[in-house]
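A short write-up of the structure that comes next.
The values are calculated or read from the model by the stated rules, or taken from the named source; none is laboratory data. All of these numbers come straight from a predicted model, not from anything done at the bench. Glycine also receives a Cβ, built like all others from the backbone with ideal geometry; neighbour counts cover every protein chain displayed. The protein model used for the area step is the full one, side chains on, heavy atoms only, and it has no ligands, DNA or RNA in it. Shrake-Rupley method; radii C 1.70, N 1.55, O 1.52, S 1.80 Å.
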Amino acid sequence: MPRIPRDIVDAVRDRTDLAEVIGRHVALSRRGKNFVGLCPFHQEKTPSFNVIPDKGIFHCFGCETGGDVFKFLMLLEGLSFVEVVKELAGPAGVTIEEREMTAAERRAMKQRATLFDVLTAASRFYEAELWTRASGATARAYLERRQIEEGTSRAAGLGWAPGGWTRLIDHLHKEGFSPEQIADSGLARPRQSGSGFYDTLRERLVIPIRDERGRTIAFGGRLLEGDGPKYLNTPETRLYQKSRVLFGLDVARAAIAKKGRALVVEGYFDVISLRQAGFEETVATCGTALTPDHLEKIRRLSRDVLLLLDADEAGQNAAERTLEAFVSASIQPWRVTVPGAKDPDELVRESGAEALEEALNRKQPLFEWVVSRRLDRYGTSSMSRERVLEEVLPLLARAKDDVLTFRVSARLGMSEAAVRKQLTEFERRPREPRASEASAGETAENRGWKPHVDMVHLLWLLVHHRDHVADLLVRADPSLFDGHAEVRPALARLVSGEPVATIIDETGDRGVKRTLLAVVARDSLYTAEQAPRAVIEILMRLTQPLRAARLAKLQEDVTRFEAAGQFDELQTTVREKMELQKREKALERALRESDLDGAMSLLGTP
């Protein structure tokens, strides 16, 4: 396990803007001091994902996932704890010595950093070849024909991979990178015969592929003349998996959240051209179909997605294949037909941004478009309509959208009642239990501490109003919490003033961890003025069973001593009983008169 000193971890956490980090991946809306958004860890239609900056915690009330900024990036990006702390330490202005990491993690971090270094150096090389070398003239002319302005090209980091087998390798070798490191980054390939490597991209216009933080992780190469595939990407690496990367998302993320929509196109130059025309909310896949990972990245920012795929048969087939993935991701997909052009880039170049906006305004729900296309394929007979309905029933059932059911019914020329009847029959068909359902029992067995309402309220009061209640709880009898052993350490640490994020991070009991996250996310339970009285009332409820049991025991002793004629013992017991009853009344009076100090002094364990 990595060993980074706790004070270093706390410093990185305290100096990192939680809302800013999460806002890179999730569209957040302010709600008072906090933020809400759609959870990135499960599919939901109503936002239940809360970000609480002043406590350094996020929490989803839907799937109960939560934690601090380290946990967020570990879950979202699959990084180790040390990798996350190291990545956040730099921007936070915190220095972490390499000796604080294990040898294995040091190697992993170095390898990751080296890949970024190689790719950054390659990007500078390609850009210089495009703008300052004679060999880049062909590419510069191509960009001019496509009406891509120089400012747009430079912002996108476009470059030129010159001819020759080892031009890039030779350049990077002079900068201190070995051929093996260059190959690990995807920029070189081993020769099929003999030893050594050769450049992956040669005589191609180069487009950097960047991650959501704007770091170059791969390259696409556009062939301008000669034989070979039109586009060629560098291969997948530790940094680049095409099924998880959306081209242009680093720029589009903020625009998608602001405009409430995402435009999905097919090609890199569609993205670049539309971005130049003012449609910064545009992204594309890297030569693959839309995957659940792609849609998950979009869903965090918007559930309104417009597909602008090519109008040819391949583009239409690609659009139809994405429908199931969209339904699974709870995203509303729209199909946009680009009139009089084969792709949106051509439309913008020939007719301007207004023409594209008009096309976007004529969007059609993808589900309806798929139904229409299948009707065109099968015909409009009764049997054909029944066949189309049977094909889309599984998706319609999963969508659970009344408006969509109505629209599909109308498009099929069938009554809504008839479609709903078939939907009901479909949902009653036997099905195999999902993996999540099959493991539900096992999960329930390991949920940890079962929350007790008074303990939950005490946790909340300590998290949100510690300065008003800690002194009262210090005076409470510790034995009151003997029945809640799982949560006692968290209570004690909160009383002492430890950060709740640290406590959550180090708590082993799942129930306590889950409850603390929920407590942090709930920002309205008691006001600061109400907090001390609330603690007294909770302590009264906790001590009440003890007081009642003591009173019942004294009454039992009174009866026994009276029957046995033990008058000295009887007199002592009666006095004790009367004292306890007097104390009960004094406690009630103190609380009624808001004498909290007096009430606290009377709350000793009987």
**Request:** Would you tell me the accessible area of Thr527, worked out with a 1.4 angstrom probe on the heavy atoms of the protein chains, in Å² to the nearest 10?
**Result:** 60 Å²
**Complete:** Spelling it out for Trp334: with amide H atoms placed in the peptide plane at 1.01 Å from N, the residues 5 or more places away or on another chain with amide H under 5 Å from its amide H are Val305, Leu306, Leu307, Leu366
**Item:** Estimated [θ] at 222 nm from DSSP helical runs (n ≥ 4, -39500 (n - 2.57)) normalised by residues in the chain, nearest 500
**Value:** -17000 deg cm²/dmol
**Request:** Give the ranking of Ser328, Ser193, Ser409 by solvent-accessible surface, highest area first, calculated with a 1.4 Å probe.
**Result:** Ser193, Ser328, Ser409
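Once neighbouring chains are kept in place and the probe is 1.4 Å, which whole percent of the accessible area of the chain is contributed by carbon and sulfur?
So the carbon and sulfur contribution to the accessible surface is 49 percent.
Once a ≥ b ≥ c are taken as the square roots of the eigenvalues of the Cα gyration tensor of the range 216-329, is the result rounded (a/c under 1.5), prolate (a/b larger than b/c) or oblate (a/b not larger than b/c)? Please list the in-between numbers first.
Working: a/c = 1.40, a/b = 1.33, b/c = 1.05.
The shape class here is rounded.
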**Request:** With a ≥ b ≥ c taken as the square roots of the eigenvalues of the C-alpha gyration tensor of the range 457-593, please select rounded if a/c is under 1.5 and otherwise prolate if a/b is larger than b/c or oblate if it is not?
**Result:** prolate
**Prompt:** With the other protein chains left in place, how much accessible area per residue, in square angstrom, belongs to the chain at a 1.4 angstrom probe?
**Reply:** 49 Å²
**Request:** Output ³J(HN,Hα) for the range 178-191: one whole-Hz value per residue in order, computed from phi by the Karplus curve 6.51 cos²θ - 1.76 cosθ + 1.60 with θ = phi - 60°, and x for Gly and Pro.
**Result:** 7, x, 5, 5, 5, 5, 4, 7, x, 8, 9, 10, x, 5
**Cα gyration tensor category, rounded, prolate or oblate, for the range 129-265 with a/c compared to 1.5** = oblate
**Request:** Would you calculate the separation in nanometres between label points at Phe406 and Ser243, each defined as 7 Å from the Cα along the Cα-to-beta-carbon direction?
**Result:** 3.9 nm
**Request:** Any chance you could look up the accessible area of Arg133 with a 1.4 Å probe, heavy atoms only, rounded to 10 Å²?
**Result:** 110 Å²
**Request:** Would you mind checking the tilt of helix 453-474 against the longest principal axis of the Cα atoms of the chain, expressed as 0 to 90 degrees and rounded to 10?
**Result:** 80 degrees
**Request:** Calculate the spin-label point distance for Asp227 paired with Arg321, positioning each point 7 Å from the Cα along the beta-carbon direction, and give it in nanometres.
**Result:** 2.7 nm
**Message:** If packing is taken as the average count of other Cβ atoms within 10 Å, what order do 18-25, 557-564 fall into, highest mean first?
**Reply:** 18-25, 557-564
**Item:** Whole-Hz couplings from phi, Karplus 6.51/-1.76/1.60, listed for the range 85-94; x for Gly and Pro
**Value:** 4, 5, 5, 7, 5, x, x, 7, x, 10
**Prompt:** What are the ³J(HN,Hα) values, in whole Hz, obtained from phi via the Karplus relation 6.51 cos²θ - 1.76 cosθ + 1.60 with θ = phi - 60°, for each residue of the range 30-37 in sequence order, with x given for Gly and Pro?
**Reply:** 6, 9, x, 7, 10, 9, 10, x
**Between helix 510-521 and the chain: long-axis angle, C-alpha atoms, 0 to 90°, nearest 10** = 80 degrees
**Fill in**
For Ile256, the net charge from surrounding residues (Cβ-Cβ under 15 Å; K, R +1; D, E -1) works out to +4
**Prompt:** If you rank Arg411, Arg215 by how much accessible surface each has, with a 1.4 Å probe, what is the order from largest down?
**Reply:** Arg411, Arg215
**Prompt:** Which cross-chain or sequence-distant (5 or more) residues have an amide H under 5 Å from the amide H of Gln147, H modelled 1.01 Å from N in plane?
**Reply:** none
**Complete:** 1/(1 + (r/R0)^6) with r = Cβ-Cβ of Ala417 and Arg154, R0 = 45 Å, i.e. FRET efficiency to nearest 0.05, evaluates to 0.15
**Message:** Checking the cross-link filter: which lysines have an alpha carbon closer than 23 Å to that of Lys577, excluding same-chain neighbours under 8 positions apart?
**Reply:** Lys553, Lys585
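Arrange the peptides 573-584, 295-306 so that the one whose residues have, on average, the most other Cβ atoms within 10 Å appears first.
Sorting 573-584, 295-306 by mean packing, highest first, produces 295-306, 573-584.
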**Prompt:** Roughly how many Å² of Thr120 are accessible to a 1.4 Å probe, to the nearest 10?
**Reply:** 60 Å²
